[in-house]
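First the structure, in the form of structure tokens, and then the observations on it.
The values are calculated or read from the model by the stated rules, or taken from the named source; none is laboratory data. Because the structure is a prediction, the values reported are computed rather than measured. Here Cβ is always computed from backbone atoms with ideal geometry, including for glycine, and neighbour counts include all displayed protein chains. All accessible areas refer to the heavy atoms of the entire protein, side chains included, with ligands and DNA or RNA removed. Shrake-Rupley method; radii C 1.70, N 1.55, O 1.52, S 1.80 Å.
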Amino acid sequence: MNDSGRAFYRWAFASGIVRSNPLRESHRCAPLRAPGEWEKHIQAWERHMRGLGRLPSTVQQLGRCMRKFARDNAPVEPWDVKTNDILDWFADQQWSRETVRLRRSAVRAFYRWARLTKRTKKNPAKDLPIVPMQRSVPRPAEEDDVRRTIRTAGERERLAIELAAGLGLRCGEIALLHSSDLRERDGQWWLRVQGKGARERMLPVPESIATALRSRGSGYVLPGQISGHISPQYLSKLVNAALPAGVTMHQLRHRFATVAYEKTHDTFVVQKLLGHASPATTQGYVALTDLSLRSAVEAVAINSSIYSS
């Protein structure tokens, strides 16, 4: 069905005209299978990653990368791939640097696992060149856009926006939230968040967000078809559709980082709240306002007498 049909059923379901959406998430999120021998090996690799405690969203993302690689390189089988095949794959695409980094990581991880499990004696991805990290430019969502969307969005989208803009959660972290993650300690609410790299963090939760989370009942906060919870990809589509054109869900996280830094002026506090491994990453999320820059300059210049006579 074309995009207009999908849009129609989304609108009808949201408006209560129909009781179910025949094009619900489960029809759209099933990954395309890899050809030939690839699929069974990719599935075994995914089981290996799950066994190591990798986040479901990470396993799904890396698995999709390898399935795309397999489809694009068919009919070459997994253990016949040469280093030049991988390099040619990257050379033929026009991906962003971050996409290249992700897919390079997936290919390298797959073939490391294949060598570890003795599926192959060679690793064609071992000597792939390093892709430098692209320095991100902070792009916080505007306050008016955030507040306007919260007033008009549906309950599910509104909660996701509040969690991203008000607590700095990633899309994948929101998708995995469970009722058991909200905990009361000394009369205050805290939220356990499963972050990247299997790193957990505990975040203080404002009463308003705690109330919204408790109202979702027991189980996953946002139920769906991926092991009981909504998929990060589908959640991102829902929230991006609710936000004004040009505003993305990830910009809500930038908004949180920027406001948190303005209130604390402490990069390490913001780093801990965002779950970053390095403060250098956090700096790419914080947009310094003109007022902050001017205040800093005037604070230094006010004691200077070099221009007075």
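So what's the net charge close to GLY197: Lys and Arg +1, Asp and Glu -1, counting the other residues with Cβ under 14 Å from its Cβ?
+3
Amide H neighbours of ALA34 under 5 Å, at least 5 residues apart or on other chains, H built in the peptide plane: list them.
GLU39
Quick query: amide H of HIS178 versus all other amide H atoms, modeled in the peptide plane; which residues come in under 5 Å with a sequence gap of 5 or more or a different chain?
Those lying under 5 Å, H to H, from HIS178 are VAL221.
On a 0 to 90 degree scale, rounded to 10, what angle separates helix 249-264 from the longest Cα axis of the chain?
The two axes meet at around 40 degrees.
How much area per residue is accessible in the chain when the probe is 1.4 Å and only protein heavy atoms are counted (Å²)?
Heavy-atom accessible area per residue stands at 59 Å².
Report the FRET efficiency, 1/(1 + (r/R0)^6), for GLN93 and ALA277, where r is their Cβ-Cβ distance and R0 is 41 Å, rounded to 0.05.
0.90
At 1.4 Å probe size, with the rest of the protein present, what percent of the exposed accessible area of the range 37-86 is carbon and sulfur atoms?
Of all accessible area on the range 37-86, carbon and sulfur atoms account for 47 percent.
Suppose a student asked you for the relative contact order of the range 184-309, using Cα pairs under 8 Å spaced at least 6 residues apart; what percent would you report?
15
Who wins for biggest fluctuation among LYS272, LYS237, LYS263 in a Gaussian network model of the chain, springs between alpha carbons below 10 Å?
Among LYS272, LYS237, LYS263, the largest mean-square fluctuation in the Gaussian network model of the chain belongs to LYS263.
Hey, in the GNM for the chain with a 10 angstrom Cα cutoff, which one of ALA165, ALA109, ALA141 fluctuates hardest?
ALA109
Given the options PRO129, PRO56, PRO35, which has the most mean-square fluctuation in a GNM of the chain, springs set between C-alpha atoms less than 10 angstrom apart?
Sorting by GNM fluctuation, first place goes to PRO129.
In sequence order, what are the phi-derived ³J(HN,Hα) couplings for the range 157-169 according to the Karplus relation 6.51 cos²θ - 1.76 cosθ + 1.60 with θ = phi - 60°, rounded to whole Hz, with x for glycine and proline?
Along the range 157-169, the couplings run 5, 4, 5, 4, 5, 5, 6, 6, 7, x, 10, x, 6 Hz.
Just grab the label-to-label distance for LYS82 and ARG185, each label 7 Å out from Cα along the Cβ direction, in nm (one decimal).
Rounded to a tenth, the inter-label distance reads 5.6 nm.
Just need the relative contact order of the chain here, percent rounded to a whole number, with Cα pairs under 8 Å and 6+ apart.
16
Count neighbours as other Cβ atoms within 10 Å of each site's Cβ, and list the GluC sites (Glu not before Pro) in the range 138-169 that are DSSP loop with at most 14 such neighbours.
GLU142
State the percentage of accessible surface on the range 131-289 attributable to carbon and sulfur atoms; use a 1.4 Å probe and exclude ligands, DNA and RNA.
The nonpolar share, carbon plus sulfur, comes to 51 percent.
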